[in-house]
Amino acid sequence: MTDELPKKYDHNVSEEKIYQLWEDSGYFNPDNLPYPKSAKPFTIIMPPPNSNGSLHMGHAVFVTLQDILVRFWRMRGRKALWLPGADHAGFETQVVFDKKLDKEGRNRFAMKREELWQEIWNFTQENKKVMEGQLRKLGASCDWSREKFTLDPNIVEEVQKTFIQLYEDKLIYRDIRVINWCPKHQTALSDLEVKYVERTDPLYYIKYGPLTVATVRPETKFGDTALAVNPKDKRYKKYIGQEIEAKGILGPLKFKVIGDDAVDPEFGTGVVKITPAHDANDFEMWKRHKDEIDGPKVIIDERGKLTGDVGEFAGLKVDEAREKVAEAMEKIGILEKTDTDYKHQIATCYKCGRTLEPLPRDQWFVKMEPLAKKAIDVVNQGKIKFHPDRSKKVYLHWLENIRDWNISRQIVWGIRIPAWFHEPKCIPKKGHEDEVKKCKEIIVSIDKPTCEFCDAEFIQDPDVFDTWFSSGQWPFLTLGYPDGKDSKDFYPTDVMETGYDILFFWVARMIMMGLYCTDKIPFKDVYLHGLVRDKDRQKMSKSKGNVTDPLGVADQYGTDAVRMALVIGNTAGNDMVISEDKIRGYRNFATKIWNVARFVAMYDKPEFKNAKIKPTDADKKYLTEIQATQEEITKHIENFEFHLAGEKIYHYFWHTFADKIIEEAKPRLGGDDTDDAAAAHKTLREILFKCLVILHPFMPYVTEEIYQTLSQDMKTQKLLMIEKWQ
């Protein structure tokens, strides 16, 4: 070795220096790699971390696994591109920023749209810079020259163009439907953003004339438009089609009884009240019986308070109104009984935990069934493979039962929906008095339209896209589809590695949108990692105080130790346990690698250069073994068995190389036979070199630091990161 290794490996000194060495080389950019033009590309698009905070241990998992793949394939001669990015993260960033405003005594609803948007922009840009530094710290060998942000102007324009194309293909529509509404955040949420929690609530039995209904929501009775029974329920067949009179707390009521197969005869009494404005199932039932019953009557507003024709209950919050309405019903004798132990699932906001209100609103929806069909076919045909394989069944089940997707959000932060509405007052242009009826109610366009028939201004839809609508297009948009050179060279990508918890949020949507927009699969393999848990297998959360900061422990024990702790023992699709003790253990392994390298370097003697080296049978055996070990590890990585690959090189290096081969070589190295000592040393050098190559994707810093001290005759490149794998 040319430079003597210090006695101790100091990761705090080494890591920043080594990363700068990598970055300065330009080899993160596949265009600069010293490979033939015919070299096959290998592409991973980084799942863009949210630009609203620091990286957590979950981010460290994806950085580690993706960097292993990229470094592995780069060393195997592939033009490896790992394209980094950041996500504006729409609603989630809005929630984080709302908390910031609360601490400052401010409220976003009192701010001008442009002012709020700019403040959030500045906030995310500051976080993005911090996050980029953290990715570097974790060793991410991504191509920073190609970095993207989901609000880059070209990304925004292409996302809006996709919306317009979907609209023209009649796959996007605007409709009034009962949606999930969060009264705290004042926005609609998609079905996937609903968190269902079990709750025990009173079940109220209310008399409606001759019939009794059971409901957990007596406060919505002011919005009732009918009663319903199952047409097969013999108890109530005679009432179907009849209009019954009932006593109400605000006066007499009349309701028609309808028959519908959606009614569960086993629930309550088998009779349900229909409140189309405040229950999605009731809304669908109303649509099936429009000719028989009245339409939706809105009696709960966006703040979660009673409104409209509700008498003394106007202005009460839902929970408060529920109790008071029940008391009023009891007073007039229509509350038959109350079951206080009724357990049921409640829809809540996944961010604030508040109960969601089903409200009828005009929203944009994507027709999912046509998109889902193609996404099902490519997986069934084996064009996209899942790791673990069981995720395929989960994916298919969701797509086969998919519902239309509400993509509009009533927040400021995000990509504006390119739809325009007429001002209420439509003034005909001269000579077009009879043609003004041709004015479109909605025009979908990136640029502000003008009407050829009237003088009305067009106002852009204030809503923004659900963030998953834009990130669902991420793989091909980041590569400049459709005309960019990168999209021709690097698309479809090879691997999508992400957490199993966003299989539906993101992975399925990327497959659907990729097929729709490019007619190609966006990636060939999907690797889903699990959630990170503490040593007691508890999910890490700030509220529990059990969060391990990946950068903090990396500062203490070294990035390589963190990476190995996240790989070994962790399998695809399963939650992983991380603890400081585990990380400390792999810090000791990094030290072992360093000490072994120092030992081998110590015997790098000048007299060995002229020695007549004749390897022993044991030398030949050990060189064959390390070659076989490398081949096994190669197969493990190709099969996405990172844990097996990591375990194999860990055990080989420590227990075979360090504990056995080196110990056996010590007498030969210290003996009088120079030729034999040189042969023993050559064997150790070759095995060490092979181990450094194999370990590099897993532990890039310590291996590169050692590689830089190797004598020139041992290596073929200036950097280990582009050394040949085999």
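The values are calculated or read from the model by the stated rules, or taken from the named source; none is laboratory data. If you're wondering where the values come from, they're calculated on a predicted model, not measured in any experiment. Every residue, glycine among them, receives a Cβ derived from its backbone with ideal geometry; neighbour counts consider all protein chains shown.
Keeping to the range 375-412, report how many residues are out of contact with any Asp or Glu (no Cβ under 8 Å at 6 or more places or on another chain), basic (Lys, Arg), surrounded by fewer than 16 Cβ atoms within 10 Å (Cβ to Cβ) and closer than 19 Å to Phe505 by Cβ.
Qualifying residue count, the range 375-412: 2.
Please indicate, with yes or no, whether at least one residue in the range 596-603 is assigned by TED's automatic domain parsing to the domain that holds Leu710 and hydroxyl-bearing (Ser, Thr, Tyr). Write out each step before concluding.
So the first thing to find is which residues in the range 596-603 are assigned by TED's automatic domain parsing to the domain that holds Leu710, and the list is 596-603.
Retained after the next criterion (residues that are hydroxyl-bearing (Ser, Thr, Tyr)): 603.
Yes - at least one qualifying residue is present in the range 596-603.
Just one of (1) in contact with a Pro (Cβ under 9 Å, 6 or more places away or on another chain); (2) touching a residue at least 60 places away in the same chain (Cβ under 8 Å) trips up Ser391, so point out which.
(1)
Picking from Glu302, Glu284, which residue would you name as being in the same structural domain as Leu253 (by TED's automatic domain parsing), closer than 26 Å to Gln186 by Cβ and assigned to a helix (DSSP H, G or I)? Give the derivation first.
Numbers: Glu302 fails: assigned to a helix (DSSP H, G or I).
The conditions single out Glu284.
Taking Leu399 as the residue in question, decide whether it is in contact (Cβ under 8 Å) with a residue 40 or more places away in the chain and part of a helix (DSSP H, G or I).
Details: in contact (Cβ under 8 Å) with a residue 40 or more places away in the chain: yes; part of a helix (DSSP H, G or I): yes.
Yes, satisfied.
Filter the range 427-446 for residues that are out of contact with any helix residue (DSSP H, G or I) (no Cβ under 9 Å at 6 or more places or on another chain), among the hydrophobic types (A, V, I, L, M, F, W, C) and assigned to a loop (DSSP other than H, G, I, E, B) and give the result.
Just the residues of the range 427-446 that are out of contact with any helix residue (DSSP H, G or I) (no Cβ under 9 Å at 6 or more places or on another chain), to begin with: 430-431, 433-443.
After this cut, where a residue has to be among the hydrophobic types (A, V, I, L, M, F, W, C) as well, the list is 436, 439, 442-443.
Result: Cys439, single match.
Among the residues of the range 339-354, how many are surrounded by 15 or more Cβ atoms within 10 Å (Cβ to Cβ) and closer than 19 Å to Val213 by Cβ?
The total comes to 1.
Which ones in the range 306-323 are of a type outside the set (Phe, Trp, Tyr), crowded, with 20+ Cβ neighbours inside 10 Å and outside any loop (DSSP other than H, G, I, E, B)? Please lay out each step first, then the result.
Taking the range 306-323 first, the residues of a type outside the set (Phe, Trp, Tyr) are 306-312, 314-323.
Now narrow it down to the ones that are crowded, with 20+ Cβ neighbours inside 10 Å: 306, 310, 321-322.
Once the filter is applied, which keeps residues that are of a type outside the set (Phe, Trp, Tyr), crowded, with 20+ Cβ neighbours inside 10 Å and outside any loop (DSSP other than H, G, I, E, B), the range 306-323 yields Leu306, Ala321, Arg322.
Condition check ((1) surrounded by 15 or more Cβ atoms within 10 Å (Cβ to Cβ); (2) on the phi < 0 side of the Ramachandran plot; (3) part of a loop (DSSP other than H, G, I, E, B)) across all residues:
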| site | (1), (2), (3) |
| --- | --- |
| Tyr9 | yes, yes, yes |
| Gln20 | no, yes, no |
| Ser54 | no, yes, yes |
| Ala86 | yes, yes, no |
| Phe97 | yes, yes, no |
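Just need a number here: residues in the range 225-246 that are farther than 16 Å from Ala262 by Cβ and out of contact with any Pro (no Cβ under 9 Å at 6 or more places or on another chain).
Here is the first cut: in the range 225-246, the ones farther than 16 Å from Ala262 by Cβ are 234-235, 237-239, 241-246.
Within this subset, residues satisfying the condition of being out of contact with any Pro (no Cβ under 9 Å at 6 or more places or on another chain) are 234, 238, 241-243.
Matching residues across the range 225-246 total 5.
Residues checked against (1) buried (at least 21 other Cβ atoms within 10 Å of the Cβ); (2) polar (S, T, N, Q); (3) without any contact (Cβ under 8 Å) to a residue 40 or more places away in the chain; (4) in contact with a helix residue (DSSP H, G or I) (Cβ under 8 Å, 6 or more places away or on another chain):
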site	(1), (2), (3), (4)
Lys112	no, no, yes, no
Glu115	no, no, yes, no
Trp121	no, no, yes, no
Gln125	no, yes, no, no
Val130	no, no, no, no
Leu138	yes, no, no, yes
Trp144	no, no, no, yes
Lys148	yes, no, no, yes
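Just checking, does the range 633-643 include any residue being within 22 Å of Trp594 (Cα to Cα), without any contact (Cβ under 8 Å) to a residue 24 or more places away in the chain and of a type outside the set (Lys, Arg)?
No.
Any idea how many residues of the range 329-363 are touching a helix residue (DSSP H, G or I) at 6+ places or on another chain (Cβ under 8 Å), outside any strand (DSSP E or B) and not basic (Lys, Arg)?
First pass over the range 329-363, keeping only residues touching a helix residue (DSSP H, G or I) at 6+ places or on another chain (Cβ under 8 Å): 329, 335, 338, 349-352, 355, 357-358, 360.
Next, only the ones that are outside any strand (DSSP E or B) stay: 329, 350-352.
If we keep only those that are not basic (Lys, Arg) too, we end up with 329, 350, 352.
Matching residues across the range 329-363 total 3.
Go through the range 254-278 and give me each residue that's in a strand (DSSP E or B) and buried (at least 16 other Cβ atoms within 10 Å of the Cβ).
Residues of the range 254-278 that are in a strand (DSSP E or B), as a first pass: 254-259, 271-274.
If the condition is that a residue be in a strand (DSSP E or B) and buried (at least 16 other Cβ atoms within 10 Å of the Cβ), then Phe255, Lys256, Val257, Ile258, Gly259, Val271, Val272, Lys273, Ile274 are the ones that fit.
Test of understanding: among Pro424, Pro482, Pro449, which residue is surrounded by fewer than 20 Cβ atoms within 10 Å (Cβ to Cβ), in contact with a Ser or Thr (Cβ under 9 Å, 6 or more places away or on another chain) and in a loop (DSSP other than H, G, I, E, B)?
Working: Pro424 fails: in contact with a Ser or Thr (Cβ under 9 Å, 6 or more places away or on another chain); Pro449 fails: in contact with a Ser or Thr (Cβ under 9 Å, 6 or more places away or on another chain).
Just one listed residue meets the conditions, Pro482.
Return yes or no: is Ile511 buried (at least 23 other Cβ atoms within 10 Å of the Cβ), within 17 Å of Asp362 (Cβ to Cβ) and either polar (S, T, N, Q) or within 22 Å of the chain's Cα centre (by Cα) (or both)? First the steps, then the outcome.
Details: buried (at least 23 other Cβ atoms within 10 Å of the Cβ): yes; within 17 Å of Asp362 (Cβ to Cβ): no; either polar (S, T, N, Q) or within 22 Å of the chain's Cα centre (by Cα) (or both): yes.
Judged against the criteria, Ile511 is not a match.
Among the residues of the range 181-189, is there at least one that is of a type in the set (Lys, Arg), touching a residue at least 60 places away in the same chain (Cβ under 8 Å) and farther than 28 Å from Met513 by Cα? Walk me through how you get there before you give the answer.
Filtering the range 181-189 for residues of a type in the set (Lys, Arg) gives 184.
Retained after the next criterion (residues that are touching a residue at least 60 places away in the same chain (Cβ under 8 Å)): 184.
Add one more test, that the residue is farther than 28 Å from Met513 by Cα, and what stays is 184.
For the range 181-189, residues of a type in the set (Lys, Arg), touching a residue at least 60 places away in the same chain (Cβ under 8 Å) and farther than 28 Å from Met513 by Cα: present.
Only residues that are farther than 19 Å from Lys488 by Cα and hydroxyl-bearing (Ser, Thr, Tyr): list them for the range 10-64, please.
Passing the criteria: Ser14, Tyr19, Ser25, Tyr27, Ser51, Ser54, Thr64.
For the range 22-47, how many residues are part of a loop (DSSP other than H, G, I, E, B) and hydroxyl-bearing (Ser, Thr, Tyr)? Spell out the reasoning first.
Of the range 22-47, the ones part of a loop (DSSP other than H, G, I, E, B) are 26-29, 33-40, 46-47.
Filter once more, so that each one left must be hydroxyl-bearing (Ser, Thr, Tyr): 27, 35, 38.
Counting residues in the range 22-47 that are part of a loop (DSSP other than H, G, I, E, B) and hydroxyl-bearing (Ser, Thr, Tyr) gives 3.
Quick one: would you say Pro370 is surrounded by 12 or more Cβ atoms within 10 Å (Cβ to Cβ) and closer than 17 Å to Leu192 by Cβ?
Details: surrounded by 12 or more Cβ atoms within 10 Å (Cβ to Cβ): yes; closer than 17 Å to Leu192 by Cβ: no.
Spelling it out, it is not the case that Pro370 is surrounded by 12 or more Cβ atoms within 10 Å (Cβ to Cβ) and closer than 17 Å to Leu192 by Cβ.
Specify the residue that is nearest to the chain's Cα centre (by Cα); the eligible residues are those in the range 234-247 that are crowded, with 17+ Cβ neighbours inside 10 Å and not hydrophobic (A, V, I, L, M, F, W, C).
Tyr236
Just one of (1) out of contact with any Cys (no Cβ under 9 Å at 6 or more places or on another chain); (2) buried (at least 19 other Cβ atoms within 10 Å of the Cβ) trips up Val596, so point out which.
All conditions are met except number (1).
If the Cβ limit is 8 Å and pairs must be 6+ apart or interchain, which residue in the range 217-229 that is touching a residue at least 24 places away in the same chain (Cβ under 8 Å) and under 12 Å from Gly308 (Cβ atoms) pairs with which residue that is surrounded by fewer than 24 Cβ atoms within 10 Å (Cβ to Cβ) and of a type in the set (Phe, Trp, Tyr)?
Final answer for the pair search is Phe222/Phe313.
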